[in-house]
Amino acid sequence: MRWSQFYLHTTREVPADAEVTSHQLMLRSGMIRKAAAGIYSYLPYGLRALNKLTAIVRREIDAAGSSELTMPAVAPAELWEESGRWEQYGKELLRIQDRHGRDFVFGPTHEEVVTDIVRNDVRSYRQLPVSLYQIQTKFRDEIRPRFGLMRGREFIMKDAYTFHADEASLDEAYRGMHDAYCRIFEACGLDYTVVEADTGAIGGSSSHEFMVLADTGEDEVVRCAGCGYGANTEKAETGSLPAPPAANADQGPDAEAQDVATPGLATIPEVASFLGIEPSQMIKTLIYTSEEETPIVVLIRGDRTINEIKLAHALGVRFPVLADDATVKRITGAPVGFAGPVGLAEGVRVIADHSVKGMVGAVTGANQGDTHRVGVTPGRDFEPTAYADVLLAAAGDPCPRCEGTLELFRGIEVGHIFKLGTKYSEAMGCTFLDAEGKSHPMLMGCYGLGIGRTVAAAIEQNNDESGVIWPLPLAPFEVLVIALNPQDEAVVAAAEEIYQGLAEAGVEALFDDRKGRPGVKFNDADLIGVPLRVVVGKKGLAEGNIEVSRRQDREKHMIAQQGAVEHIRGMLEATTTA
RNA sequence: CGGGGCGUAGCUCAGCCUGGUAGAGCGCACGGUUCGGGACCGUGAGGCCGGAGGUUCGAAUCCUCUCGCCCCGACCA
């Protein structure tokens with residue numbers, strides 16, 4: 001491709017509305033252009049990178065035994081009503097009507113459509129398993145799109161769905177997809193980790209996320225260096241925390257609880273500092289409400305945070321939210337800041353995190369304004385309705401699986417695989433007959449991989465102050481040939497010859513044949529990040545030499561003009577196998 | 001949806017507080033000198049100052065409403 005004919009416009013200035021590196025670089029190097037918040041055009045240079053990735057994805061997912069299809073982006077509301085998600089999915093689901101006023105959705109994911117297809121074609125266990133995938137544009141009306149392609153509203157996703165007669169078959173497919181994803185992300189040169197994840201709105205029994213480690217990532221994950229345990233903090237478990245010393249230890253081990261005046265001290269740090277204790281020696285008492293439940297009291301160690309997703313699971317509700325001041329007052333009889341587990345009204349459910357269990361002589365609110373209670377011991381002074389794991393994991397917590405310690409990382413979720421079980425097949429009547437002729441809902445798995453997000457993540461991880469440094473497998477072009485002195489006929493002719501030679505050899509080359517000064521071309525070359533740069537200049541050419549360098553390390557060396565194409569191919573070969 | 005910020009030339013921004021004929025740099029076009037890391041000189045094109053109302057003799061500037069965009073939070077494959 002000749003640059004003079006290629007639609008590639010770089011910018012020198014950093015666009016005002018981009019903050020993260022990958023977003024800035026994708027805009028500056030002419031890969032994407034914003035049409036609206038979270039909605040982008042993929043310009044030719046960016047599209048080439050996306051196409052590189054989708055080719056890798058097709059190769060690996062095909063190899064995992066899945067068949068590609070394309071489902072409609074716009075699906076009838078009836079299918080979504082059947083699965084129940086027309087009601088459940090909420091505002092993120094873009095709903096549209098046709099001219100007759102019929103309801104449709106712009107698909108954010110395709111469980112309904114694919115289940116509808118399979119239930120019509122597949123009747124027997126003999127026809128299972130089935131594995132289908134597509135690479136297609138999705139739409140999710142995100143509350144807050146951000147960071148360019150990282151969280152778009154319209155985005156390209158590879159989504160695969162599998163259908164099975166039994167658990168073993170689902171496990172096998174799940175494993176196969178897991179391994180295919182690993183190969184894909186490795187090919188992209190990504191530093192990633194696989195973690196256990198919450199299943200969220202999609203539902204199902206088990207799921208793993210593929211996280212690219214990056215400070216700009218929107219997710220937090222924990223990982224144990226010892227045993228390799230990894231999980232999204234939404235889901236992460238911890239080993240049991242060592243109990244802190246009693247706050248009233250100076251009064252003897254069995255000292256009775258007593259009230260102390262804490263005028264105006266409504267927060268944990270204030271009370272701890274006033275009493276000269278650590279926040280960990282307190283029990284935090286929070287009142288939660290939800291659509292489904294009456295208010296519930298939740299207890300956790302004073303220095304720790306509730307994981308509301310875990311709490312939702314523990315309570316069996318969808319969105320627990322902190323109660324408003326009036327509700328707190330009604331349940332505890334005290335203003336916010338003085339709630340405690342002792343002396344609550346009869347019948348109030350109290351859920352205590354495991355971190356509270358071993359505590360002795362702790363400090364809690366006294367359910368009375370300006371008063372706290374010192375020396376409270378669970379099991380002696382109060383008994384929670386139940387203990388549950390509602391702890392938000394933190395760096396330094398003990399690993400739940402070994403003697404190790406958890407570390408905290410930020411990550412970009414580039415892939416997510418789920419075992420769905422029978423959630424959709426049951427709701428939509430996607431059944432098969434077993435060997436005895438009995439009907440069962442199929443077991444399902446679904447497997448998502450963000451195409452644009454993966455490319456963005458690759459840039460996020462591979463760049464320097466001058467621009468992108470493409471990993472070769474994703475690079476829009478493998479080689480950039482620069483005619484450094486476009487006014488010099490010999491230079492242009494020599495560059496042209498190398499470019500042609502590369503093209504004939506099947507190398508994807510971009511030929512910078514623009515009329516422009518060397519500095520501009522060098523800076524553009526760095527910005528767009530093509531892995532191999534070939535510079536044909538007047539000086540080198542006078543000695544029969546051209547210069548080649550890798551974007552990665554920028555180490556330049558001169559090679560003979562004769563046989564240059566072969567030399568360059570050899571360098572690419574070496575990079576591929578390295 | 002709550003909080004914060006921003007909409008002026010293709011891009012990055014100044015001008016706004018204190019109302020008085022719309023600016024700079026980059027980019028673009030033309031001419032000339034240059035030509036291995038974003039050259040220089042000259043000339044030129046380019047803006048309904050996001051939109052609508054209002055105040056005023058006069059509004060980019062003050063007021064009201066509205067639309068869009070970015071960031072934080074809540075939320076979310």
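The values are calculated or read from the model by the stated rules, or taken from the named source; none is laboratory data. Everything quoted here is computed from the prediction, not taken from an experiment. Please note: Cβ atoms are built from the backbone with ideal geometry, for glycine as well, and neighbour counts cover all protein chains shown.
Within the range A:267-312, the set of residues being part of a loop (DSSP other than H, G, I, E, B) and either within 16 Å of RNA strand B (Cβ to nearest atom) or touching a strand residue (DSSP E or B) at 6+ places or on another chain (Cβ under 9 Å) (or both) comprises A:Ile277, A:Ser290, A:Glu291, A:Glu292, A:Glu293, A:Pro295, A:Gly302, A:Asp303, A:Arg304, A:Thr305, A:Asn307. Here A:Arg119, A:Arg151 are screened, and the one residue that is on the phi < 0 side of the Ramachandran plot and near RNA strand B (Cβ under 10 Å from one of its atoms) is A:Arg151. For the range A:466-479, the criterion of a residue being assigned to a helix (DSSP H, G or I), away from RNA strand B (no atom under 16 Å from the Cβ), out of contact with any Cys (no Cβ under 7 Å at 6 or more places or on another chain) and not acidic (Asp, Glu) is satisfied by at least one position.
For A:Val535, the conditions (1) near RNA strand B (Cβ under 8 Å from one of its atoms); (2) crowded, with 18+ Cβ neighbours inside 10 Å; (3) in a helix (DSSP H, G or I) are fulfilled apart from (3). Count of the range A:34-62 residues, restricted to those that are within 10 Å of RNA strand B (Cβ to nearest atom), over 23 Å from the mean Cα position of the chain (by Cα) and closer than 25 Å to A:Ala525 by Cβ, is 0.
Residue-by-condition table, conditions (1) farther than 20 Å from A:Gly189 by Cα; (2) among the charged types (D, E, K, R); (3) at pLDDT 95 or above:
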| site | (1), (2), (3) |
| --- | --- |
| A:Trp470 | no, no, yes |
| A:Pro473 | no, no, yes |
| A:Ala494 | yes, no, yes |
| A:Glu497 | yes, yes, yes |
| A:Gly506 | yes, no, yes |
| A:Lys515 | yes, yes, no |
| A:Pro518 | yes, no, yes |
| A:Ile528 | no, no, yes |
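When A:Gly421 is tested against (1) at pLDDT 95 or above; (2) in the same structural domain as A:Ile61 (by TED's automatic domain parsing); (3) among the small types (Gly, Ala, Ser), exactly one condition is not met: (1). Can you confirm whether the range A:551-562 contains a residue that is in contact with a Gly (Cβ under 9 Å, 6 or more places away or on another chain), among the basic types (Lys, Arg) and in the same structural domain as A:Arg12 (by TED's automatic domain parsing)? No, the range A:551-562 contains no residue that is in contact with a Gly (Cβ under 9 Å, 6 or more places away or on another chain), among the basic types (Lys, Arg) and in the same structural domain as A:Arg12 (by TED's automatic domain parsing). Scanning the range A:194-209 finds one or more residues that are more than 15 Å from the chain's Cα centre (by Cα), within 21 Å of A:Arg401 (Cα to Cα) and in the same structural domain as A:Gly65 (by TED's automatic domain parsing).
Taken over the range A:133-148, the criterion of being of a type outside the set (Lys, Arg) and under 22 Å from A:Pro72 (Cα atoms) is satisfied by A:Tyr133, A:Gln134, A:Ile135, A:Gln136, A:Thr137, A:Phe139, A:Asp141, A:Glu142. All of A:Glu460, A:Glu426, A:Glu497 fail the test of being within 28 Å of A:His178 (Cβ to Cβ), assigned to a helix (DSSP H, G or I) and without any contact (Cβ under 8 Å) to a residue 40 or more places away in the chain, apart from A:Glu426.
Would you confirm whether or not the range A:252-271 contains a residue that is over 26 Å from A:Gly379 (Cα atoms) and among the hydroxyl-bearing types (Ser, Thr, Tyr)? No. Tell me whether the range A:161-170 contains one or more residues that are assigned to a strand (DSSP E or B), of a type in the set (Val, Ile, Thr) and within 13 Å of RNA strand B (Cβ to nearest atom). No, the range A:161-170 contains no residue that is assigned to a strand (DSSP E or B), of a type in the set (Val, Ile, Thr) and within 13 Å of RNA strand B (Cβ to nearest atom).
When residues of the range A:189-232 are filtered for being away from RNA strand B (no atom under 14 Å from the Cβ), crowded, with 22+ Cβ neighbours inside 10 Å and either of a type in the set (Asp, Glu) or assigned to a loop (DSSP other than H, G, I, E, B) (or both), how many remain? Here the count works out to 1. The set of residues in the range A:400-441 that are within 16 Å of RNA strand B (Cβ to nearest atom) and at positive phi contains only A:Gly421.
Annotation note: of A:Ala312, A:Ala323, A:Ala266, the sole residue that is within 31 Å of the chain's Cα centre (by Cα) and farther than 26 Å from A:Gly358 by Cβ is A:Ala323.
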